[in-house]
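Data first, discussion second: the structure below is written as structure tokens.
The values are calculated or read from the model by the stated rules, or taken from the named source; none is laboratory data. Small disclaimer: the values here were computed from a predicted structure and weren't measured. Reconstructed Cβ throughout: ideal geometry from the backbone, glycine too, with neighbour counts over all protein chains shown. Heads up: the accessible areas ignore ligands, DNA and RNA and are worked out on the full protein's heavy atoms, side chains in. Shrake-Rupley method; radii C 1.70, N 1.55, O 1.52, S 1.80 Å.
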Amino acid sequence: MQIKFNTSTLSLEDIPLDIGYASEKINLKNHAGEVFKIGGQNGATQFLISTPSVDDSLLEQISELDTLLSLNALGGITKAIIVANVHHTMPHLEEWLVGYDYDEAYGDYYGVRLNNKELAKTLFIISKDGAVFYHEILDDFNAPFNLDKALGKIVAANSCYTGKGCHG
């Protein structure tokens, strides 16, 4: 997949993890160097954003998403922002985990590492049973995510889980 960033064209190093596949628990580190886990089955719907940089437009989208989740009474969702390394700005956001992919496991397992070693701008929704329910991989770093579609997918992911796995 080719991804545009200003005047450059980058590509993914691998094939992204597809919808329906089990996600993997991944360790990330926050700005203080503390390890936390995302992905896998944790009993909550997970909303994961990877990005090559945290800029004002992304922060505006995160604020909009938080408002939409609140208006739709969608609490209890694990929300995380993932950057490639400790050299990136990692803002403190209320109710968001923010961390870097210190061992490159997220980029490798989710297939979102770019050929310049940064992470692509992606959004993954992981259902309560740990399966990839939805993903959006932007082919232009400057493009926004489709939050209306993502909200619909979060609602569906929250309501479809029965606690019996995908074959129950």
State the antiparallel share, in %, of DSSP beta bridges confined to the stretch 70-168, rounding to the nearest 5. 60 percent
Which net charge results when you count Lys and Arg as +1 and Asp and Glu as -1 among the other residues whose beta-carbon is under 12 Å from that of ASN72? -2
Quick one: order LEU151, LEU58 from most to least accessible surface, probe 1.4 Å. LEU151, LEU58
To the nearest 10 Å², what's TYR109's accessible area with a 1.4 Å probe? 90 Å²
Farthest towards the positive end of the dipole of the chain, among PRO52, ILE137, ASN158 and with Cβ unit charges of +1 on Lys and Arg and -1 on Asp and Glu, lies the Cα of ASN158
Which of TYR134, TYR21 is most accessible, then next, and so on - probe 1.4 Å: TYR21, TYR134
Taking R0 as 45 Å and r as the Cβ-Cβ distance between ALA73 and ASN6, the FRET efficiency 1/(1 + (r/R0)^6), rounded to the nearest 0.05, comes to 0.70
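What full-extension length gain, to one decimal in nm, is calculated for GLU64 and TYR21 as 0.36 nm per residue of separation minus the Cα-Cα distance?
The GLU64-TYR21 span can extend by a further 12.7 nm.
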How big is the equivalent ellipsoid of the stretch 38-116 along its three axes, where each semi-axis is √(5λ) from the Cα gyration tensor, reported in whole Å from largest to smallest? 22, 16, 10
In nm, what is the difference between 0.36 nm times the number of residues separating VAL155 and ASN42 and their Cα-Cα distance? 39.0 nm
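Kirkwood hydrodynamic radius, computed over distinct alpha-carbon pairs, for the chain: how many Å, to one decimal?
16.0 Å
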DSSP bridge pairs, the stretch 1-121: antiparallel proportion in percent, nearest 5: 55 percent
